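All remarks here apply to the structure that follows.
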Amino acid sequence: SGPISILSYCASSILMTVTNKFVVNLKDFNMNFVMLFVQSLVCCLTLVVLKFLGYAKFRPLNKTDAKNWFPISILLVLMIYTSSKALQFLAVPIYTIFKNLTIILIAYGEVLYFGGSVTSMELSSFLLMVLSSVVATWGDQQAIAAKAAENIEELGASVSLFNPGYFWMFTNCISSAMFVLIMRKRIK
């Protein structure tokens, strides 16, 4: 049903983001590709089990499908990898702001490439998404500032404009939008 699907998606998205943030912030963590491999393996095994139980259907792998879907698979890997790198350097609320901006990129990409339109209600929704993320970030920045007041060096690191997390988040926004738009084109 719709509400169960929506709640399941929200819960899994929140759980994934928080879990990934915890993992990538472990001391001296540098195994993003291993984490990506494990997540992909779990996803594939889950799909195979669901197919075996009769809850999912998919056709066997063939050369034509592999060739057609390879660019989308590369974009998916790029999207997940850059997401984990961004989480390594950015706070979750800032990460969420950029993910919300990705939704807006996708919507306007659909307008450009598929002839869609953005209604005033959708535009209002986009503005509320960005506003809610900014409000959430204020609380996070206040907490960082209070903690950093005890340690001046930490303050400089936390508010630096040259944080590599912004580069990773920018590449994540672009790869995520490209993934969704190209996948939509491939499905059509």
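The values are calculated or read from the model by the stated rules, or taken from the named source; none is laboratory data. Computed from a predicted model, the values in this text were never measured in an experiment. As a convention, Cβ positions derive from the backbone with ideal geometry for all residues, glycine included, and neighbour counts pool all protein chains shown. These area figures cover heavy atoms from the full protein model, side chains too; ligands, DNA and RNA do not enter into them. Shrake-Rupley method; radii C 1.70, N 1.55, O 1.52, S 1.80 Å.
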### Query
Take the residues of segment 70-90 that are polar (S, T, N, Q) and open to solvent by 30 Å² or more (accessible area, probe 1.4 Å): which is farthest from Phe179 (Cα to Cα)?
Gln88
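Residue-by-condition table, conditions (1) outside any helix (DSSP H, G or I); (2) of a type outside the set (Ser, Thr, Tyr); (3) within 16 Å of Ser176 (Cβ to Cβ); (4) within 16 Å of the chain's Cα centre (by Cα):
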position: Leu7; (1), (2), (3), (4): no, yes, no, no
position: Leu36; (1), (2), (3), (4): no, yes, yes, yes
position: Gln39; (1), (2), (3), (4): no, yes, yes, yes
position: Leu50; (1), (2), (3), (4): no, yes, no, no
position: Thr64; (1), (2), (3), (4): no, no, no, no
position: Asn68; (1), (2), (3), (4): no, yes, no, no
### Summary
Those residues of segment 9-34 which are in a helix (DSSP H, G or I), under 19 Å from Phe89 (Cβ atoms) and either of a type outside the set (A, V, I, L, M, F, W, C) or in contact with a Phe, Trp or Tyr (Cβ under 6 Å, 6 or more places away or on another chain) (or both) amount to Thr17, Thr19, Asn20, Lys21, Asn32
### Message
Only one of Val77, Val42, Val24, Val92 is without any contact (Cβ under 8 Å) to a residue 24 or more places away in the chain and aliphatic (A, V, I, L, M). Can you tell me which?
### Response
Val42
### Task
Examine segment 95-118 for a residue that is in contact with a Gly (Cβ under 8 Å, 6 or more places away or on another chain), closer than 15 Å to Phe170 by Cα and among the hydrophobic types (A, V, I, L, M, F, W, C), and state whether such a residue exists.
no
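For residues that are of a type in the set (S, T, N, Q) and open to solvent by 80 Å² or more (accessible area, probe 1.4 Å), tally how many sit in segment 48-69. So that I can check it myself, show each step before the final result.
Residues of segment 48-69 that are of a type in the set (S, T, N, Q), as a first pass: 62, 64, 68.
Subsequent filtering for residues that are open to solvent by 80 Å² or more (accessible area, probe 1.4 Å) retains 64.
Number of matching residues: 1.
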### Query
If you take the residues of segment 106-121 that are surrounded by 13 or more Cβ atoms within 10 Å (Cβ to Cβ) and either touching a residue at least 60 places away in the same chain (Cβ under 8 Å) or in a helix (DSSP H, G or I) (or both), which of them is nearest to the chain's Cα centre (by Cα)?
Ile106
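Does Leu155 satisfy being modelled with pLDDT under 65, of a type in the set (A, V, I, L, M, F, W, C) and surrounded by 15 or more Cβ atoms within 10 Å (Cβ to Cβ)? Break it down stepwise before answering.
Details: modelled with pLDDT under 65: yes; of a type in the set (A, V, I, L, M, F, W, C): yes; surrounded by 15 or more Cβ atoms within 10 Å (Cβ to Cβ): yes.
Judged against the criteria, Leu155 is a match.
Of the residues that make up segment 91-98, is at least one open to solvent by 60 Å² or more (accessible area, probe 1.4 Å), at negative phi, of a type outside the set (Ser, Thr, Tyr) and in a helix (DSSP H, G or I)? Lay out the reasoning, then the answer.
So in segment 91-98, the residues open to solvent by 60 Å² or more (accessible area, probe 1.4 Å) come out as none.
No, the conditions are met nowhere in segment 91-98.
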### Summary
Checked segment 19-33 for anything under 19 Å from the mean Cα position of the chain (by Cα), open to solvent by less than 80 Å² (accessible area, probe 1.4 Å) and not polar (S, T, N, Q); matches are Lys21, Val23, Val24
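State whether the residues of segment 42-55 include one that is among the β-branched types (Val, Ile, Thr) and within 30 Å of Leu127 (Cβ to Cβ). If you could, list the steps in order and put the result at the bottom.
Keep residues of segment 42-55 that are among the β-branched types (Val, Ile, Thr), which gives 42, 46, 48-49.
Those left that are additionally within 30 Å of Leu127 (Cβ to Cβ): none.
No, because not a single residue in segment 42-55 is among the β-branched types (Val, Ile, Thr) and within 30 Å of Leu127 (Cβ to Cβ).
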